[in-house]
Amino acid sequence: MTVKTPIYLDYSATTPVDPRVAEKMIPYITEHFGNPASRSHPFGWTAEEAVEEARDEVAKLVNADPREIVWTSGATESNNLAIKGAANFYSGTKGKHIITVQTEHKAVIDAVRDLERQGFTATYLAPEPNGLIDLEKFKAAIQPDTVLASVMFVNNEIGVIQDITAIGNICRENNIIFHVDAAQATGKVEIDLEKLPVDLMSFCAHKTYGPKGIGALYVRRKPRIRIEAQMHGGGHERGMRSGTLATHQIVGMGEAFRLARLEMKAENLKVRRLRDRLLAGLEEIDEVYVNGDMDHRVPHNLNISFNFVEGESLIMAVKDIAVSSGSACTSASLEPSYVLRALGRSDELAHSSIRFSIGRFTTEEDIDYTIALMKSKIGKLRELSPLWEMHLDGIDLSKVEWAAH
Amino acid sequence: MAYSDKVLDHYENPRNVGTLDKNDPHVGTGMVGAPACGDVMKLQIKVNDSGIIEDAKFKTYGCGSAIASSSLVTEWLKGKTLDQAAEIKNSAIAEELALPPVKIHCSVLAEDAIKAAVADLKSKQPA
Amino acid sequence: MSSQHAFFDNNSTTLLDARVLEAMLPYMQHQYGNATSRHLFGRAARQALDQAREQVADACGAHPSQVIFTASGTEANNFAIHGMASNNENAKQIAVSAIEHPAVTRPAFALRERGYRVAVIAADHFGQVDPLSLEVALEKPTSLVSVMLANNETGVIQDIEKLAEIAKSKSALFHTDAVQALGKTPLDFESLGVNAMTVSSHKINGPQGAGALILDKRVDIKPLLHGGGQEKGLRSGTENVAAIVGFGVACALIKQSLEARATITQQLRDALNVGLKDLGATIFGEKSVRLPNTSFFAFNEIEGETLVTALDRKGFAVASGSACSSDSSEPSHVLMAMGVSTDLARGAVRVSFGANNTQDELNRFLAALHSEVQRLRQLTAVAV
């Protein structure tokens, strides 16, 4: 079997730009350059047309009105804009309490933390061990002054899908602005914003085969949601977000979302088949634990803990496959994944987790190679592991008193 | 993170992996670290009758640098007396393996493992 | 737009250099890693960012560790204003010049909601920011001063070293928007004596989607975007690797060719000015030290918008003000600050050359300008 290594199984960190997307983008950085805000000459007009066409495509994927789509530099900015923008706008009338979840992306958590420094209060809900939110606990967290709730659609580490409709309905009943980070959801789950009770939704291109550096925020028009701008300047994007728009990147996001709309169904079937194959293969290894609910989960994600093996050495061992242990955004630190800890996983299992994320260009050969590699490397590392040896000797590691460092 | 060639070599081809009989009076066992911290090192040394370390084995749960640090010290320990063994400093390990600052704790752990193994052995020997 | 259309609006945006595009393409295709990932794909992206950081630093006379990448110059300006204003709890004033880009003035005025006072530093008839006006403003405790290095409309270059020194003597931090200066005039962050400086990629034949704040690391700055902790925690968000790589290469190219670019554009600009004078135009900021590529002018009794549209039909892209404000019919705030009459200001047209413009284009432009000015003057005369 010959496959080209390293095999890329880190589609949740970022996806390759689809060649069809790149092809569409390139003319806009070479021939049709121009500042879309320059209204006085056709260089600007062509750019503006392309931007509006892309806005239509983004809107179509999520069944929204193009006028509800605001361009940003990515999901981090969308999340910051939505959370700080809505919280600041509505705090005067509704109050200063925010509800979010411990397993949100850092961009959401840190934006809420920033608001706390400005006098807001926040509840960080703990998810159930399967990663999903208990709706009753969500209801219980609501206070009279709750202004905003932010819950992600699809978790970046464990791929679980929250019940956005149910949570949104609760928010509606309680007059709470509801923001959803959908960076990991586009092209993976159906999103219909005509039906979903969601006020603000964050998107980015580079998790859906588009370029990095571009994202969007959905801002509902009916009923109209207002946000306070966080970036001020030329008054682009109807005053909600200033700064020169990168035309080629917007065009890329539009094309990426168009392709996602057309190909999502077929792609999900293919990806699910590969994911199930991977899971079946890895489950042949002893002492593996899947993190997160398997039923309410996108097929693209498989997050597994390999007991008695340390995470970083595991990553080193599997350098022929590009995967991540914990979220890409936190892997610079040596902390075990905060998402897995929020699920109640032990530090050891959190440390030894690997996120395999499968995508458009993954092949069956890639999966088979990965299974074989994991079996051999896990075997080798366990041979090295004093914990595995103790486990085989029947020692209950939770009862051992460690000479903690 | 870029690993040095020496770390990679020890990681790919760890020396002296294994287990000695911990009940053997000539064997000292040191186990340091904790799973929750991401590193557990088990180091064992076996001395001959003249007090020279004639064998050393390790098992390590930890990152590449932790594995390399423990693999390296098993090589260094052989042929040393217990007193010489106790003199091995983490800085020497870190230097030999060119560990980056964030991995210095791996060399500290290896030094601690040696000390723990020596102490264990000494505790077994008649006073 | 025809291929004959000449682009004389290089202060708005610029044509991407083919060499920049070539450097970017791999990062738009097979080099797609997330720079935060630790595997091979991620490390390749990280290395590319490191190189770009060096190139940008080099072009700005800064150290690579002082470069914080953002998605645009606007973001870098917002970051500087919002992030540095709160450095001194006892100084609830920020001072900005009257000729700043909206990406500086709007975030500054937005701070009023957080209890800040905004002092506006006056400019003189020559387009120069007035040091005396700054000194007056600084009589109130001030946390931050922001004055642009070169104005986007007039091209007038400010004496930043002097202004920064005044600010420093009053313990105020100093930020300069150098978006228009980079690539057109030598730039040295260290010798300017400022604490922070904004630069942008798409003004120097780099791609849109990348900018940077050059920041003195001793300054305590608050992030604008919170999240994954990229850029040492100062600017979260997955790095736009392709755009940043492009920005880096564009910086390396201007570093090599700064003088040549200045010479080419200045020759065109000076020749244009001779033609403008013959036609009786007023050239704004003419007596000041200016960027070599920019000419901002007006004809009495000809609306700027009208002339721009007429020239566009003849195949020339020029601007009636900064692109960001060309939606509005308000006369240029820069000219208002300079004390130009509203009537004359309404006639303002900006020509900004790039190194890829040619003498041939200029000759055609001068001919077109001549005939359009004559035609429009006749129309105006009839209307009166």
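The values are calculated or read from the model by the stated rules, or taken from the named source; none is laboratory data. None of the values given here were measured: they were computed from a predicted structure. Please note: Cβ atoms are built from the backbone with ideal geometry, for glycine as well, and neighbour counts cover all protein chains shown.
Could you run through segment C:277-306 and say how many residues are over 24 Å from the mean Cα position of the chain (by Cα) and either touching a residue at least 60 places away in the same chain (Cβ under 8 Å) or within 20 Å of C:Met338 (Cβ to Cβ) (or both)?
Qualifying residue count, segment C:277-306: 10.
Can you tell me which condition C:Val96 does not meet? The list is (1) crowded, with 24+ Cβ neighbours inside 10 Å; (2) modelled with pLDDT of 90 or more; (3) in contact with a Lys or Arg (Cβ under 8 Å, 6 or more places away or on another chain), and all the others hold.
(3)
Considering each residue of segment A:198-219, count those that are touching a helix residue (DSSP H, G or I) at 6+ places or on another chain (Cβ under 6 Å) and more than 9 Å from every other protein chain (Cβ to nearest Cβ), and give that number.
11
Give me the pairs, please: first residue somewhere in segment C:33-53 and away from chain A (no Cβ under 12 Å), second residue anywhere and part of a loop (DSSP other than H, G, I, E, B) and modelled with pLDDT of 95 or more, beta-carbon distance under 8 Å, and either six or more positions apart or on two chains.
Hits for this filter: zero, empty list.
Consider C:Leu192 against the criteria (1) touching a Phe, Trp or Tyr at 6+ places or on another chain (Cβ under 7 Å); (2) in contact (Cβ under 8 Å) with a residue 24 or more places away in the chain; (3) of a type outside the set (S, T, N, Q); (4) farther than 19 Å from C:Leu49 by Cα: it satisfies all of them except one. Which criterion is unmet?
(1)
Does at least one position in segment A:227-246 carry a residue that is under 14 Å from A:Asp18 (Cβ atoms) and within 11 Å of another protein chain (Cβ to nearest Cβ)?
no
In segment A:229-273, what residues are of a type in the set (A, V, I, L, M, F, W, C) and within 22 Å of the chain's Cα centre (by Cα)?
A:Ile250, A:Val251, A:Met253, A:Ala256, A:Phe257, A:Leu259, A:Ala260, A:Leu262, A:Met264, A:Ala266, A:Leu269, A:Val271
Could you go through segment C:234-247 and let me know if any residue there is buried (at least 24 other Cβ atoms within 10 Å of the Cβ) and either over 24 Å from C:Glu54 (Cα atoms) or aromatic (Phe, Trp, Tyr) (or both).
Yes, because at least one residue in segment C:234-247 is buried (at least 24 other Cβ atoms within 10 Å of the Cβ) and either over 24 Å from C:Glu54 (Cα atoms) or aromatic (Phe, Trp, Tyr) (or both).
What tally of residues in segment C:1-32 results from selecting those that are aliphatic (A, V, I, L, M) and within 7 Å of chain A (Cβ to nearest Cβ)?
So the count comes out to 5.
Within segment C:162-216, track down each residue that is in a strand (DSSP E or B) and either within 14 Å of chain A (Cβ to nearest Cβ) or in contact with an Asp or Glu (Cβ under 7 Å, 6 or more places away or on another chain) (or both).
The answer is C:Asp177, C:Ala196, C:Thr198, C:Val199, C:Ser200, C:Gly211, C:Ala212, C:Leu213.
Any residue at all in segment A:344-353 that's away from chain B (no Cβ under 13 Å), assigned to a helix (DSSP H, G or I) and surrounded by 20 or more Cβ atoms within 10 Å (Cβ to Cβ)?
Looking through segment A:344-353, none of the residues is away from chain B (no Cβ under 13 Å), assigned to a helix (DSSP H, G or I) and surrounded by 20 or more Cβ atoms within 10 Å (Cβ to Cβ).
Could you check segment B:1-120 for helices (runs of 4 or more DSSP H) lying wholly inside it with 1 or more residues that are over 9 Å from the mean Cα position of the chain (by Cα) and either within 13 Å of another protein chain (Cβ to nearest Cβ) or among the β-branched types (Val, Ile, Thr) (or both)?
B:5-12, B:64-77, B:90-97
Consider segment A:290-309. How many of its residues are farther than 23 Å from A:Gly359 by Cβ and touching a helix residue (DSSP H, G or I) at 6+ places or on another chain (Cβ under 6 Å)?
Adding up the residues that qualify gives 2.
Quick test for you: out of A:Gly168, A:Gly159, pick the one residue that is touching a Pro at 6+ places or on another chain (Cβ under 6 Å) and within 26 Å of A:Asn291 (Cβ to Cβ).
Just a single option satisfies the conditions, and that option is A:Gly168.
Return the residue satisfying two criteria in turn: it lies in segment A:101-127 and is of a type in the set (D, E, K, R) and assigned to a helix (DSSP H, G or I), and of such residues it is surrounded by the fewest Cβ atoms within 10 Å (Cβ to Cβ).
A:Arg117
Among the residues of segment C:159-189, which ones are closer than 22 Å to C:Ser332 by Cα and either touching a residue at least 60 places away in the same chain (Cβ under 8 Å) or among the hydrophobic types (A, V, I, L, M, F, W, C) (or both)?
Listed by number, the residues that qualify are C:Asp177, C:Ala178, C:Val179, C:Gln180, C:Ala181.
Just give me the residues in segment A:247-267 being aliphatic (A, V, I, L, M) and either within 30 Å of A:Tyr90 (Cβ to Cβ) or away from chain C (no Cβ under 14 Å) (or both), in sequence order.
A:Ile250, A:Met253, A:Leu259, A:Ala260, A:Leu262, A:Met264, A:Ala266
What pairs can you find where one residue is in segment C:202-230 and crowded, with 24+ Cβ neighbours inside 10 Å and aromatic (Phe, Trp, Tyr), the other is modelled with pLDDT under 95 and not in a loop (DSSP other than H, G, I, E, B), and their Cβ atoms are less than 9 Å apart, with a gap of 6+ or different chains?
Note: no pairs meet the criteria.
I want to confirm something. Restricting to segment A:351-378 and keeping residues that are at pLDDT 95 or above and small (Gly, Ala, Ser), which single residue is nearest to A:Ala322 (Cα to Cα)?
Only one residue fits best here, namely A:Ser357.
Condition first: in contact (Cβ under 8 Å) with a residue 60 or more places away in the chain, surrounded by 14 or more Cβ atoms within 10 Å (Cβ to Cβ) and under 21 Å from A:Asp393 (Cβ atoms). Can you find one or more residues in segment B:44-52 that meet it?
Yes: one or more hits.
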